[in-house]
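Have a look at the structure below, then the notes.
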Amino acid sequence: MVAVNPFYWDFNDATRAWAKRFSERHPRKNFPNDMQAGVYAAVLHYLKIAAKLDGDVENGRGVVAAMKDMPTDDVPFGNGVIRPDGRKTHPMYVLETKPPQESNGRWDYFRITGTIPADRAFRPLSEGGCPLVK
């Protein structure tokens, strides 16, 4: 099987360490998937903005504008941006299922066979038709 995903726990030393910490706290010791990593990254970015705004997060428009102004930087996804249309962009990865004999244990299902840069992984802003972009 070949799939495209924005996150895989075994991407590098930092993602492996982050996934291990996640697993240690998970009731079933599961490793994180891309959705869980996405929630973590979004909350982390929000908290960075809240700190930058000295906790003044009452103005939702101001918070959103600040989130779009500040590039994202987190362990699961690395560097990225939130575009004017609200789309968060980052690289995507081509994953291929490993044969069982190549797996090093539980949760070791894929090998990364390619990277799609953020500017090619998402529809261009100019083609989105978002009414928020003027």
Worksheet item: Can you spot a residue in the stretch 76-93 that is touching a residue at least 24 places away in the same chain (Cβ under 8 Å) and assigned to a helix (DSSP H, G or I)?
Response: no
Response to the item:
Of the residues in the stretch 105-134 that are at pLDDT below 90 and farther than 30 Å from residue 61 by Cα, the one that is nearest to the chain's Cα centre (by Cα) is 106
Worksheet item: Do we find a residue being in contact with a Lys or Arg (Cβ under 7 Å, 6 or more places away or on another chain), over 25 Å from residue 131 (Cβ atoms), among the basic types (Lys, Arg) and not in a loop (DSSP other than H, G, I, E, B) anywhere in the stretch 97-109?
Response: no
Worksheet item: of a type in the set (Lys, Arg) and over 22 Å from residue 2 (Cα atoms), is that true of residue 134?
Response: yes
Discussion item. If I ask for residues that are farther than 24 Å from residue 98 by Cα and either modelled with pLDDT under 95 or not charged (D, E, K, R) (or both), which ones from the stretch 3-37 would you list?
Written reply: 26, 27
Discussion item. For the stretch 21-37, give me the residue count where each residue is surrounded by 13 or more Cβ atoms within 10 Å (Cβ to Cβ) and part of a helix (DSSP H, G or I).
Written reply: 5
Practice prompt. Would you tally the residues in the stretch 74-131 being hydrophobic (A, V, I, L, M, F, W, C) and farther than 17 Å from residue 10 by Cβ?
Written response: 8
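The values are calculated or read from the model by the stated rules, or taken from the named source; none is laboratory data. As the structure is a prediction and not an experimental result, all values here were calculated from the model. Neighbour counts run over all protein chains shown; Cβ positions are idealised from the backbone, glycine included.
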